Amino acid sequence: MTVKQAREIAAEPVEVGIGITRQVLVGADEAPNFSMRKFTIEPGGSMPPHTNTVEHEQYVLRGKAQIGIGDDIIEVKKDDVVYIPAGVAHWYNPTGEEPFEFICIVPNKPDTIGLVELD
């Protein structure tokens, strides 16, 4: 069992995005099946279209964003829950004046990330 304070976990920049940090709250070294990460995207930041070879389950902690998932564009806000299937292109653009923060849970499997061009 592990208990820790999220504020004590280092936030690392996400290099492919703009204004994004990631904290690994529970990693593969602590849990056998899933990892839990917290992402923060500052106002004006963004994450470009990309795919992952693992699914994502997400819970929005604060802020608002427009998210593209496949051909759909959705608006999300605090307390929304998002599921992104493996292999589906997705992107994030915060809207509003506060940071967009969300928890992302992924399986502890090899994950290849690929940037994609959208039509």
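The values are calculated or read from the model by the stated rules, or taken from the named source; none is laboratory data. Everything numeric here is computed off the predicted structure, so don't read it as measured data. Cβ: placed from backbone, ideal geometry, glycine included. Neighbour counts: every protein chain shown. The area values use the complete protein model at the heavy-atom level, side chains included, leaving out ligands, DNA and RNA. Shrake-Rupley method; radii C 1.70, N 1.55, O 1.52, S 1.80 Å.
Just to be sure before I move on: is Gln5 open to solvent by less than 20 Å² (accessible area, probe 1.4 Å) and of a type outside the set (Gly, Ala, Ser) in the structure I sent? For Gln5, the condition - open to solvent by less than 20 Å² (accessible area, probe 1.4 Å) and of a type outside the set (Gly, Ala, Ser) - is not met. Among the residues of region 62-83, the one identified as within 13 Å of the chain's Cα centre (by Cα) and either on the phi > 0 side of the Ramachandran plot or hydroxyl-bearing (Ser, Thr, Tyr) (or both) is Tyr83. Across region 88-119, what is the total count of residues that are over 30 Å from Pro32 (Cβ atoms), without any contact (Cβ under 8 Å) to a residue 60 or more places away in the chain and open to solvent by 80 Å² or more (accessible area, probe 1.4 Å)? So the answer is 3. Applying the set (1) open to solvent by 70 Å² or more (accessible area, probe 1.4 Å); (2) within 22 Å of Glu98 (Cβ to Cβ) to Lys38 leaves exactly one unmet item: (1). Inside region 65-96, can you point out the residues that are within 17 Å of Ile18 (Cβ to Cβ) and either modelled with pLDDT of 95 or more or part of a strand (DSSP E or B) (or both)? Scanning region 65-96 gives Ala65, Gln66, Ile67, Gly68, His90, Trp91, Tyr92, Asn93, Pro94, Thr95.
Pairing residues of region 33-44 that are in contact (Cβ under 8 Å) with a residue 60 or more places away in the chain with residues that are in a strand (DSSP E or B) and among the polar types (S, T, N, Q), at Cβ distances under 7 Å and at least 6 apart in sequence or on separate chains, gives Arg37/Gln23; Lys38/Gln23; Thr40/Thr21.
Sub-7 Å Cβ pairs linking a first residue in region 1-18 that is over 15 Å from Glu30 (Cβ atoms) to a second residue that is open to solvent by 100 Å² or more (accessible area, probe 1.4 Å), at least 6 apart or interchain, are Val16/Leu115, ordered by first then second residue.
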